[in-house]
Amino acid sequence: MLTRRKLLAAAAMLPALAGTARAEYVSGTSKQGVEALRMQWKKYLAKGADVATDATPLTLSDDAWQKRLAPDAYRVLRHAGTEFPGSSPLNGEKRDGLFVCAGCALPAFTSAMKFDSGTGWPSFVTSVPDAFDKGRGSKSVFVGLEVHCAKCGGHHGHIFNDGPPPLGDRWCINGVALRFIPLA
């Protein structure tokens, strides 16, 4: 039975499914809609953007990582640090585009996957397929499942189970672990 809520949720997904980029996740999106966001991530990739094209491992010495990364990004990505809540300019990022790993430029999230969790860290409902390896933790509201870049192994943050429907996931990500590439 088609209810008003289902109709509104389906209407909210039409721009994403039709190819029109949307700057932020729309609450009420179905599981199929979230999967479409994952599979259609390339429409958020700016023409000519310098991104990693595969997850072939990138291995560098600690000195090379220190030279490659800003100090805060180095502390988070290479030593599992955490940035202060509210400190990332990416919290307020609303443009259409792609978030890539700050360590290796592997595509990680699109702007359509982002939502305002009110936690002080950039938050997403899902990620680009195969962008992350999931590690320690329990994906609980208290611990979270630790996520690392599939290409460079950099620590990005955690997945918690207090996110919006339909998946309930909140990818709580350190902004310094990301670089944003606007679509236009």
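Out of every Cα-Cα pair that region 64-184 contains, those further apart than 19 angstrom amount to 40 percent.
With both labels modelled 7 Å from their Cα along Cα-to-Cβ, the residue 116 to residue 80 distance reads 3.3 nm. In this structure, the amide hydrogen of residue 108, modeled 1.01 Å from its nitrogen in the peptide plane, lies closer than 5 angstrom to those of 99, 100, 101, counting only residues at least 5 positions away or on a different chain.
Roughly how many debye, to the nearest 20, is the charge dipole of region 44-117 about its Cα centre, given +1 on each Lys and Arg Cβ, -1 on each Asp and Glu Cβ, and no other charges? Don't skip to the answer; put the middle values down first.
Working: 8 positive and 9 negative charges, 19 e Å.
It comes to approximately 100 debye.
Could you list 113, 39 in order of exposure, starting from the residue whose Cβ has the fewest other Cβ atoms within 10 Å? Working shown, then result.
Details: 113 22, 39 10.
Ascending number of Cβ neighbours within 10 Å: 39, 113.
Between region 97-136 and region 148-177, the C-alpha centres lie 6 angstrom from each other.
Read the figures in this text as sums done on the coordinates, not as results from a lab. Given the structure is predicted, the values throughout are model-derived calculations rather than measurements. Positions of Cβ are backbone-derived with ideal geometry, glycine not excepted, and every protein chain shown enters the neighbour counts.
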